[in-house]
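Quick note: the coordinates plus some simple rules give every number you see, no bench work behind them. Only a predicted model underlies this, so the values are computations on that prediction, with no experimental measurement involved. A quick note on method: Cβ atoms are made from the backbone with ideal geometry, for glycine too, and the neighbour counts reach across all protein chains shown.
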Amino acid sequence: MDIINPSGKNVIKVETEYCGQPLTLEVNRVGFRATAAVLVTYGDTVVLGSVVVGSKPVIQDFFPLSIDYEEKFYASGKISGSKFIKREGRPSDEAVLIGRLIDRPIRPLFPKGYRQEVQVVATVLSMDPSFRPDCIAMIAASSALMLAGVPFDGPIAGLRIGRVGGEYKAFLTPEERAVSDLDLVVAGKDTGVTMAEAAANEVPEAVIIGGLEWGLKMIQPAIKLQNELRGKVGVVEKEYSLVLPDAEIQERVNKWVNGKLGAKVRVANPERNKMLDDIKWAMHDAFAGELVTDSEINIPEDSSEEEILSAKVEFYDKNLRDKYDEAFILAVYGDVRQGIVDEGLRPDGRKLDEVRPLSSQVGLLPRAHGSSIFTRGVTQAMNIVTLAPLSFAQVVDTMEVTDGERRYMHHYNAPGYTVGECHRMGSPGRREIGHGYLAEKALLPVLPAEEDFPYAIRSVTEIMSQNGSTSMAATCSSCLALMDAGVPIKRMVAGVAMGLIVDGNKPYVLTDLMDAEDFAGDMDFKVTGTSQGVTALQMDMKVHGLPVEILAEAVNKANKGRMFIMEHMMSVMPKPSASLSPYAPRIEKLMVNPDKIGAIIGKGGETINKITKETGAMIDIEDSGLVTIASQDGASIEKALAWVKSLVEEPEVGKVYTGKVVSIKDFGAFVNIMPGIDGMLHISQLSDKRVNQVEDVLKMGQDVKVKLEAIDDKGRLSLTMRGVEQ
């Protein structure tokens with residue numbers, strides 16, 4: 001029986017097999033007031049994709065598209081672990097990253113000049129704990145857009161791919177993710193890949209390329225299913241108009257700049273930007289006098305030529321300058337593409353595979369635990385590393401059933417001054433969070449294990465200047481700062497941004513992408529890795545899907561650029577510092593029997609609080625039995641370490657202990673040699689001579705030195721005083 005919604009429409013449902021399970025799309029079940037709403041079910045995961053389209057175009061110079069991913073803790077049967085906040089509020093970093101993940105393959109598929117306000121929300125209503133729901137949310141967002149009547153050149157679908165036992169697999173369980181050497185998200189449409197993002201454990205480039213091919217093939221059933229749903233719904237297209245550059249204005253600008261760009265402005269920034277600004281303002285001056293008529297300015301007839309010109313400039317600035325600014329920018333982009341395609345030369349005169357000049361420095365901040373500055377062309381990133389005990393790791397509280405901790409945190413900041421503009425200062429936006437996490441993923445595979453380096457690590461990149469690929473500068477600077485801090489990373493990590501311009505069927509791959517090429521190009525691609533392989537990757541296409549063959553060329557060419565940058569970094573900091581900063585906390589680690597943790601903590605935390613109070617050291621205890629003791633004072637650490645050892649030490653046969661007599665019997669005495677551990681001292685073991693009564697030698701509460709002779713199969717300790725000097 002069909003379910004009827006309040007508007008009288010029947011529920012429409014389509015289904016297909018997708019990576020081994022049914023994938024279901026439903027409309028007209030929920031979300032009746034939205035422009036479009038699709039309920040997507042896969043396993044026990046249910047995601048609502050909703051779209052609302054504004055009724056009128058927004059008067060602004062960008063497409064007002066917002067895409068959000070909403071975590072709901074109830075989806076996994078969980079209440080937030082925060083002590084004070086129990087309802088969902090500000091999205092977690094994870095939710096922000098997934099929102100970006102969904103946004104990036106969708107945004108380029110709208111036509112340029114579209115100005116209608118579009119809001120997309122993917123809400124997770126139920127979460128199957130056996131896999132992550134993000135790519136189901138991507139399908140939900142795309143499905144809703146396909147039914148909204150907007151000019152969206154979809155559908156798209158995405159898949160999160162791992163590699164277990166050398167085989168690609170989607171929808172990995174948490175246990176499979178833990179052993180996978182690849183975490184790759186591939187998004188695409190029927191014609192090619194539209195976005196890719198990866199974290200990897202130093203895998204070869206061929207593994208990334210193979211994952212792209214496998215993923216593009218596997219998402220096709222989800223794309224076909226969305227088209228099937230669209231056909232059944234009978235979508236009515238909404239009317240819209242595009243805000244496009246005036247063809248006559250563009251032709252006039254192209255003609256005016258002819259002969260003024262090209263080789264004449266192929267110099268490095270900031271000189272190039274200054275030259276382009278001068279040309280632009282000369283163009284405005286010329287057009288203000290040429291295009292504005294006397295009747296338009298309406299000033300007295302007896303006005304001087306200077307007053308007339310001033311009035312024309314004022315009219316031009318108010319009514320025409322923005323349009324000619326936009327046309328000038330497009331003319332510059334066209335010149336950039338032409339130089340690359342026709343001459344193999346880039347805006348700053350570089351060859352296609354040439355990296356901008358590099359310079360770096362470490363140890364520049366005296367009180368920081370580690371610091372560096374990495375400069376590539378006009379792009380500059382400073383990184384500061386801070387070390388702390390493991391208790392300073394960040395607790396990750398998300399809707400997933402099992403929360404975790406971030407022991408390594410990379411934060412990225414890029415204020416307005418870094419691009420020479422006035423920006424409002426505030427909390428980090430989606431771009432800052434995304435760039436920080438990309439650089440964080442790049443370094444995670446080379447960090448030492450907690451057992452070898454028991455520190456929480458915070459790495460902060462302060463961008464000082466931007467002109468392309470600050471996330472890769474953040475990666476390089478953070479690697480150098482970690483080494484300066486004495487973090488024993490396994491291998492050095494470097495990153496490079498690649499660009500792509502497609503002319504017809506021929507791709508032109510650019511190494512070390514700069515801003516002008518990014519805006520004029522068809523793809524930007526960032527890859528990080530060591531000498532052994534790739535650790536992170538991010539691809540964003542501006543064209544509507546690219547074949548894997550073209551992406552493979554970019555991936556392979558990135559290796560050369562990455563190695564060139566790494567060679568420079570090695571010349572600055574060939575290996576991690578042998579010692580920590582004198583301002584970093586010193587940490588000693590001790591593995592204890594997990595059953596002994598209670599002895600360290602004591603009743604109600606009494607023992608551990610007493611240790612920290614009397615020694616001044618900080619003590620962290622992991623469930624595994626790893627105990628870390630931290631302090632900037634070596635004596636404080638030694639005192640606390642000795643105290644902890646005395647609480648957890650296991651009895652050792654042949655070792656001499658100073659113990660206290662706790663019980664006297666006719667046959668001997670019991671001596672406490674360690675907290676909670678007593679041994680039997682038989683009367684025959686009190687002395688080399690005959691002893692008639694135990695009280696002749698020992699008294700209750702007396703301190704004596706005893707040697708542990710044996711431990712029987714029931715764990716009972718036999719002690720002796722014979723041959724032990726008192």
> Taking a 31 Å limit on the Cα-Cα distance, which of the listed pairs K112/K217; K83/K169; K351/K542; K189/K280 fall beyond it?
Replying inline: K83/K169; K189/K280
> Which value, in debye to the nearest 20, describes the size of the charge dipole of the chain about its Cα centre when Lys and Arg Cβ atoms bear +1, Asp and Glu Cβ atoms bear -1, and nothing else is charged?
Replying inline: 1840
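For a quick check: sort C476, C422 by the number of other beta carbons within 10 angstrom, fewest at the front.
The most exposed by this proxy come first: C422, C476.
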> Got a sec? How would R722, R337, R356, R376 order by Cβ neighbour count within 10 Å, fewest to most?
Replying inline: R722, R337, R356, R376
> How far apart, in nm, are two points set 7 Å out from the Cα along the Cα-to-Cβ line at E296 and at K274?
Replying inline: 3.3
>> Let's test the formula: R0 of 45 Å, r as the Cβ-Cβ distance of T191 and I79. What FRET efficiency results, to the nearest 0.05?
In response: 0.50
>> Contact order normalised by length for the chain, with contacts defined as Cα pairs under 8 Å and 6 or more residues apart; what percent is it?
In response: 10
> How much net charge surrounds L23 when only the other residues with a Cβ under 12 Å from the Cβ of L23 are counted, with Lys and Arg +1 and Asp and Glu -1?
Replying inline: -2
> Tell me, what is the Rg over Rh of segment 247-343, with Rh the Kirkwood radius over Cα pairs?
Replying inline: 1.07
> Looking at G166, G426, L438, which one has the Cα that reaches farthest to the positive end of the dipole of the chain (charges on Cβ: Lys, Arg +1; Asp, Glu -1)?
Replying inline: G166
> Over segment 12-233, what is the mean sequence separation of C-alpha contacts under 8 Å (at least six apart), divided by residue count, expressed as relative contact order in percent?
Replying inline: 21
>> Sort S372, S359 by Cβ crowding within 10 Å, fewest neighbours at the top.
In response: S359, S372
>> Apply the Karplus curve 6.51 cos²θ - 1.76 cosθ + 1.60, θ = phi - 60°, to the phi angles in segment 188-198 and return the couplings in whole Hz, x for Gly and Pro.
In response: x, 10, 5, 9, x, 7, 10, 6, 8, 8, 8
> In nm, what is the difference between 0.36 nm times the number of residues separating K560 and Q693 and their Cα-Cα distance?
Replying inline: 39.4 nm
>> Straight-line reach from K86: which aspartates and glutamates fall under 14 Å, measuring Cα to Cα and dropping same-chain residues less than 8 apart?
In response: E71, D397
> DSSP beta bridges in segment 1-153, what fraction antiparallel, as a percent rounded to 5?
Replying inline: 85
>> Quick check: residue separation of E239 and V543 times 0.36 nm, minus the Cα distance between them. What number comes out in nm?
In response: 107.1 nm
> How large is ³J(HN,Hα) for each residue in segment 53-64, as worked out from phi by the Karplus curve 6.51 cos²θ - 1.76 cosθ + 1.60 (θ = phi - 60°), to whole Hz, x for Gly and Pro?
Replying inline: 10, x, 7, 10, x, 8, 7, 7, 9, 8, 7, x
> By how many nm would the segment from K665 to Q394 grow when fully extended, if each residue of separation counts as 0.36 nm and the alpha-carbon distance is taken off?
Replying inline: 92.1 nm
>> Check which residues have an amide H placed less than 5 Å from S126's amide H, if you skip close sequence neighbours.
In response: V46
> For segment 586-648, what relative contact order do you get, as a whole percent, if you take Cα pairs closer than 8 Å and at least 6 residues apart?
Replying inline: 44
>> What does DSSP give for the chain in terms of the percent of beta bridges that are antiparallel, rounded to the nearest 5?
In response: 90
> For a paramagnetic label modelled at 7 Å from the Cα of D353 toward its Cβ, which residues of segment 493-509 fall within the zone defined by backbone nitrogen distances under 12 Å?
Replying inline: 509
> Between E567 and E228, what is the spin-label point distance in nm, taking each point 7 Å from the Cα along the Cα→C-beta axis?
Replying inline: 5.4
>> Among (i) 28.5; (ii) 29.1; (iii) 30.3, only one was calculated for this model; which label is it, if the read-out is Kirkwood radius over Cα pairs in Å?
In response: (iii)
